[in-house]
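To keep things clear, I will list the structure first and then write my remarks on it.
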Amino acid sequence: MSTLTILIVTVFCIGYLCIALEGLTKVNKAAIALLMCVLCWTLLMLDPMQYYPSILGGDVFHHIPEVIEHHLGDAAGTLFFLMGAMTIVEIVDSNGGFNFVRDTLKTRSKRKLMWRMAFMTFFLSAILDNLTTSIVMIMVLRKLVQSRGDRLIYAALVVISANSGGAFSPIGDVTTIMLWIKGVITTQGVLTEIFIPSLVSMLVPAFILQYQLKGKFDKEQNLPKADVSMFTQSQRDIIFWLGVGGLCFVPIFKTITHLPPFMGILLVLGLLWTVTEIFHYNTSEDDTMAKRVSDLLSRIDLSTIMFFLGILMAVAVLQEIGVLALLGGWLDTTFEGNHFLVTGIIGVLSSIVDNVPLVAGCMGMYPVAAAGDMAVDGIFWQLLAYCAGVGGSMLIIGSAAGVVVMGLEKITFGWYMKKITWVAFAGYLAGIVVYWLERLLFF
């Protein structure tokens, strides 16, 4: 391995460490990811002939920008998909589309509330995404549960359920979105084979945690519906079904048209935007609905988008210099091609560091085969979708859902590790065992 290669890998590892220690450094991980990306590509330009010896003379310096544009095109599909999905969820939420969640969860029984919340979080995160679903559920819990001790248990289960629900859906988690857009998993494959393991990874922790909740609440909570817009209830329902139904339609749209998934998201966003503008004609509000949706667009978390851009492009450098291929070969040799062990370790690692660069790295490490475990919907790719998503539940900092719940409920790292980590790990292992049995008996 050359000195330049070692230098690029060192820069990447230092950046990766700073991202993992964001809570200590207080530096936004998006800034680190962007710096890491630019530094790695700049170092590559110092001696491009080392990696592209077949390209003669000065033409190699024109080749590098072309390589960057190629990887940028791949990353843009994921970024536009995420931005479109975030905007759709914001439109639905700002117009009271999720009020039904509060009405459905209302009950005096602590355990009934826990099971209702677990299942609703699980399925909502598959349709929306685990980050947005976690925020919605925590806001509802604050109105339903007054005891902080009880609410911490519920909040921990929200994290577990959201990550489990996102793992079996092609649009439920950033990592599954990445794998789906890359084409290594299909909608039918991940739904049919990963659904039951994901469900088990939620049911096992819920079954354990229910014993920490006993009795009933003092009185049933009445949840007032906020008048978030001038729209009628029927108009709010239409907005909800267009938004959520549209998100469900995106995989179907891809199958029918063979267009990239972000085109389906833009279709749904354009339709929802148009309908809300038409509804605005009958309201007494002074501002236009176009302006309101523009305001929602400004609420999109661009730091998250910048983080994904930096990570995906930084990982692309490692792919170009051949480091990921070497690492993939070492893992296969060390663990003798045991995909359950390799992906299981990746899942545990995803609870310590961000799962986005882990999955991005794996996509560069392993080529898609025509048949076998590495083929589309093969054991490796489906297990990667499951392990990277569900594994993040083992630590509170291991997933986007965990980080946002940690901030909203002020959950400490130590409390979660002591009370919840082993519970989440039990569900994680149970899901892997169920997937192994599925493959053994049915596929």
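The values are calculated or read from the model by the stated rules, or taken from the named source; none is laboratory data. Everything quoted here is computed from the prediction, not taken from an experiment. Cβ atoms come from the backbone with ideal geometry, glycine included; neighbour counts cover every protein chain shown. Ligands, DNA and RNA are stripped out before the accessible areas are found, and what is left, the full protein with its side chains, is counted by its heavy atoms. Shrake-Rupley method; radii C 1.70, N 1.55, O 1.52, S 1.80 Å.
Quick notes on this structure:
- One residue stands out among those in the range 390-416 that are small (Gly, Ala, Ser) and modelled with pLDDT of 75 or more: the one that is surrounded by the fewest Cβ atoms within 10 Å (Cβ to Cβ), which is 414.
- Among (1) under 19 Å from residue 190 (Cα atoms); (2) open to solvent by less than 10 Å² (accessible area, probe 1.4 Å); (3) within 15 Å of the chain's Cα centre (by Cα); (4) modelled with pLDDT under 80 - the single one residue 355 does not satisfy: (2)
- For the range 429-443, residues that are open to solvent by 70 Å² or more (accessible area, probe 1.4 Å) and either outside any helix (DSSP H, G or I) or hydroxyl-bearing (Ser, Thr, Tyr) (or both) total 2.
- Taken over the range 1-30, the criterion of being farther than 25 Å from residue 322 by Cβ and touching a residue at least 24 places away in the same chain (Cβ under 8 Å) is satisfied by 23, 28, 29, 30.
- Residue within the range 173-181 that is surrounded by fewer than 23 Cβ atoms within 10 Å (Cβ to Cβ) and either more than 16 Å from the chain's Cα centre (by Cα) or at pLDDT 90 or above (or both) present: no
- Condition check for residue 440 on (1) touching a residue at least 40 places away in the same chain (Cβ under 8 Å); (2) over 22 Å from the mean Cα position of the chain (by Cα); (3) more than 20 Å from residue 163 (Cβ to Cβ): one failure, at (1).
- Matching option when the condition is more than 19 Å from residue 400 (Cα to Cα) and of a type outside the set (A, V, I, L, M), among 129, 103: 103
- Residue match in the range 259-274 (condition: open to solvent by 40 Å² or more (accessible area, probe 1.4 Å), modelled with pLDDT under 85 and of a type outside the set (Phe, Trp, Tyr)): yes
- Residue identified as β-branched (Val, Ile, Thr), in a helix (DSSP H, G or I) and either at pLDDT 75 or above or closer than 30 Å to residue 27 by Cβ (or both) among 315, 293: 315
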